[in-house]
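Values in this text are rule-based calculations from the coordinates and carry no lab data. All values reported here derive from a predicted model rather than from experimental measurement. Cβ: placed from backbone, ideal geometry, glycine included. Neighbour counts: every protein chain shown.
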Amino acid sequence: MTTTEQKRSTVREVIAAMQAYTLALRPAEVKLNQNESPFDVPKEIKEEVLARVAARPWNLYPDFEAMTLRSAIANAHGLEPENILVGNGSNELLATAFGTFIDPGRPVIFPRPTFTLYEQLVKITGGVPMPIDFDPSTGLLPLDTMLRTIDSVEDPIVVVCSPNNPTGGVLPPGGLEALLATGALVLFDRAYGDFAGDMLPPLHEHLVTFSTFSKAWGLAGMRVGWLASTAALCREIRKVKLPYNLNVISEAITATAIERRDLRDRNVAAIVSERERVAAAMRTIASVRIFPSAANFIAFRTTDAKHVFNELWRRGVLIRDVSAYPRMENCLRVSIGTPDQNDRFLSALKEVA
């Protein structure tokens with residue numbers, strides 16, 4: 001047996017067949033490739049929080065239940081702490097929920113193209129991926145087809161991100177309610193919901209909602225996400241969640257940020273305004289076709305995505321090549337930055353598209 005064969009025998013076949021979720025690191029003056037907020041937390045808030053954390057013993061574990069942060073989130077949304085779980089980014093909580101609910105062989109329905117981590121997690125947990133391909137240029141997720149597919153299988157789980165990454169499209173009005181009315185368990189990722197003006201949906205016995213502080217709140221470096229659901233579902237998810245999964249610095253900074261919702265609202269308003277300005281400018285470029293977006297990014301199709309991507313990077317502007325996604329041939333995605341960053345992108349795009 002060769003060394004390679006020996007290595008393969010130690011790894012589950014489904015894992016060996018997968019590609020790791022990764023992102024090539026490229027330096028750039030204008031970084032618009034990861035849907036980050038262009039606005040940092042004010043320095044005075046950083047200093048205030050870090051002073052409080054410095055006074056805390058670092059040799060002791062954080063609060064096992066993260067009650068300070070869970071209570072702050074719950075209070076902000078009129079819920080109870082038992083309706084909230086927090087984690088090291090919403091990705092960790094998604095992985096935890098998938099491990100809680102998906103049995104081997106259970107069908108899992110999701111739109112495609114979407115965040116590739118969903119399908120990976122379905123395969124890891126042994127579920128049966130049932131992607132619903134749709135046309136991203138419509139700006140809408142394929143609700144009707146999803147509903148028909150739910151009716152055609154037994155005991156499905158639905159995973160949906162609205163606004164959707166990487167397309168920017170959304171569920172049609174009443175879409176989440178229609179999905180819940182089928183009786184299927186819905187895992188709803190609203191990472192970009194703040195940019196669409198969406199509120200946290202009401203609790204439902206078949207709904208788990210995932211949110212993040214990485215986008216609208218500008219705290220991507222802290223890696224904090226949270227989920228909301230009924231107390232009963234949260235108790236089950238908590239059995240799978242890793243202990244001590246949030247450090248004291250991230251918890252303190254996030255709890256303080258919640259008190260300054262005005263900063264988040266100001267940042268969201270600025271990003272949404274810039275999104276519309278950038279979209280209008282992109283529509284004037286003949287070789288560019290943008291997809292409707294309710295998120296903090298814009299996906300668009302051009303005649304030669306590789307060429308445009310590389311030429312933008314040569315000019316100091318880094319965006320995301322999403323052309324490998326299904327139905328997104330020759331497509332790119334640009335995050336909305338500051339006005340100056342967006343102007344650099346638009347100027348460069350006009351030169352190379």
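Here are a few things to note about the model shown:
- Listing T145, T167 from fewest to most neighbouring C-beta atoms within 10 Å gives T145, T167.
- When C161, C331, C234 are sorted by how many other C-beta atoms sit within 10 angstrom of their C-beta, beginning with the fewest, the order is C234, C331, C161.
- The range 57-259 shape via C-alpha gyration tensor axes, a/c threshold 1.5: prolate
- The range 53-169 shape via C-alpha gyration tensor axes, a/c threshold 1.5: prolate
- In this simple spin-label approximation, H77 and S347 carry label points 7 Å from Cα along the Cα→Cβ vector, and these lie 4.2 nm apart.
- Antiparallel bridge percentage (DSSP; both residues within the chain; nearest 5): 45
- Cα-Cα over 29 Å, subset of K123/K239; K46/K306; K43/K239; K31/K306; K215/K350; K31/K241: K46/K306; K43/K239; K31/K241
- Proximity of backbone amide H atoms, modeled 1.01 Å from N, is registered between V186 and V158, L207, V208 at under 5 Å, excluding neighbours fewer than 5 places apart on the same chain.
- Within the range 57-259, DSSP assigns beta bridges of which about 30% are antiparallel (rounded to the nearest 5).
- Restricting the range 239-316 to chymotrypsin sites (Phe, Trp or Tyr not before Pro) in coil, as DSSP defines it, with at most 14 other Cβ within 10 Å: Y244
- Cα gyration tensor, the range 168-304 - rounded (a/c under 1.5), prolate or oblate: oblate
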